[in-house]
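A short worksheet on the structure shown next.
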Amino acid sequence: MKFKSVNETDQFSFRDSQLFQLSLSGDPISMELEALIVLPGNTQNTNYTESYAGTVQLRFTDARLLSAVRDGYRYRDPDGKLLSETPDQPLSEEALVSLPSHCEGAYLYAIEELSELNGKRRCALAIELPQAEQYDTLITDSYHLILSYEKAIFEWDHYMNRVQE
């Protein structure tokens, strides 16, 4: 890979990012991303503008999955009256094993750095699964995964276009 960014999760924007491969078993925890935006402050960004990276391989070395939760939600009518509420649900081992197979085309809309724990970095990954049909307005599943890791290594071969606002 031509470009390599280490532990610079805050120097990427995930607003358009799609997840095409996710591996939660073993070390490293890895994923393949499309439409990841490299911010101007990233050490690998020689364009000094927001630019899309080509396909990105992201690896978390010496990684451990600390928790995985399916996000809850509140469903309201147009007047704001609460119709139903679903609480956050911790994922079972079975659900966790099957999660990567459901993530192709999902949106990785955030990686948030958390405080260190026992000298290891931690982050929260926010993933939203796509709708079953393009114009479907039903609620889709979203997940938050908490990882501890030594290094977050982003690698890509080339830049795509600059981000158009």
List the lysines whose Cα lies under 21 Å from the Cα of LYS151, skipping any in the same chain that are fewer than 8 positions away. LYS2, LYS4, LYS120
Using packing as a proxy for protection, rank 58-66, 114-122 so that the peptide with the highest average count of other Cβ atoms within 10 Å comes first. 58-66, 114-122
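Whole number please: convex hull volume per residue, Cα atoms of region 74-124, in Å³. Spell out each step's value before the answer.
Values: hull volume 8.9 nm³, N = 51.
Normalising the Cα hull of region 74-124 by residue number yields 175 Å³.
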Degrees separating the helix 93-102 axis from the principal Cα axis of the chain, which is the longest one: 70
Place the peptides 68-75, 34-41 in order of packing, highest mean first, counting for every residue the other Cβ atoms within 10 Å and averaging per peptide. 34-41, 68-75
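Under Stokes-Einstein, with the Kirkwood radius over Cα pairs standing in for Rh, what whole-number D in µm²/s applies to the chain at 4 °C and 1.567 mPa s? Please report the intermediate quantities before stating the final value.
Values: Rh = 17.0 Å.
Estimated diffusion coefficient is 76 µm²/s.
Counting alpha carbon pairs within less than 8 Å and at least 6 residues apart, what relative contact order, in whole percent, applies to region 65-134?
That works out to 22 percent.
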What number, rounded to the nearest 500 deg cm²/dmol, is the helix-based mean residue ellipticity at 222 nm of the chain, given -39500 (n - 2.57) per DSSP H run of at least four residues and division by all its residues? -2000 deg cm²/dmol
For Cα pairs less than 8 Å apart in space and 6+ apart in sequence, what is the mean separation divided by the residue count of region 3-162, i.e. the relative contact order in percent? 31
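Each value in this text was obtained by applying a stated rule to the coordinates, not by laboratory testing. This one's a predicted model, so the numbers in the text were calculated from it and none came from an experiment. Backbone-built Cβ (ideal geometry, glycine too); neighbour counts: all protein chains shown.
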